[in-house]
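Down below is the structure, laid out as structure tokens.
Here, each number is a calculation from the coordinates, and none is a lab measurement. Because the structure is predicted, anything quoted here is derived from the model rather than measured. As a convention, Cβ positions derive from the backbone with ideal geometry for all residues, glycine included, and neighbour counts pool all protein chains shown.
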Amino acid sequence: MKARFLLLAAFAAFATTANAQQAASASTETAKPALTKEEKAKIKAQQEQDLAEALKKAGLSDTQQQAVREALDAANKLNNELKANTALTDEQKAEEKKKISDNKNAKLKEIMGEDAYRQYNAIRKEQKAKAASN
């Protein structure tokens with residue numbers, strides 16, 4: 001009887017260990033690869049180039065382009081502050097993020113005008129699709 005109990009305990013320990021190793025390897029496979037500083041800088045430069053191209057194609061003046069950049073920077077700052085806020089639940093963060101996005105979009109429409117805003121959004125969607133395919 002003791003031998004069966006020990007055998008059962010050994011089997012349970014073995015199964016638990018094997019299962020834990022499989023779960024750990026599965027989570028590391030789905031994690032995003034860490035980017036180097038050079039890769040991050042390259043991505044940021046490409047994003048800046050895409051934004052400048054979109055603003056130019058939308059036919060915005062220099063003052064409008066500057067106002068758009070300020071509105072985007074302000075929204076990014078609010079999103080980063082929201083991301084760092086640990087007091088809010090995920091649902092509350094999602095609601096706040098939607099409010100920030102809605103306010104940003106309203107400000108961009110105000111700066112650009114309705115037609116230029118639609119054109120800008122179409123260009124940005126194309127750029128994001130192109131970036132995702134790379």
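What the table below lists for this structure:
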read-out: Restraint check, Lys109/Lys130; Lys56/Lys83; Lys37/Lys99, Cα-Cα greater than 29 Å; value: Lys56/Lys83; Lys37/Lys99
read-out: Sorted peptide list for 97-103, 84-90, criterion being average Cβ within 10 angstrom, highest first; value: 97-103, 84-90
read-out: Links that overshoot a 22 Å alpha carbon limit, given the list Lys40/Lys98; Lys77/Lys107; Lys42/Lys128; value: Lys40/Lys98
read-out: Net charge contributed by nearby residues that have their C-beta within less than 12 Å of Thr63 (K/R +1, D/E -1); value: -1
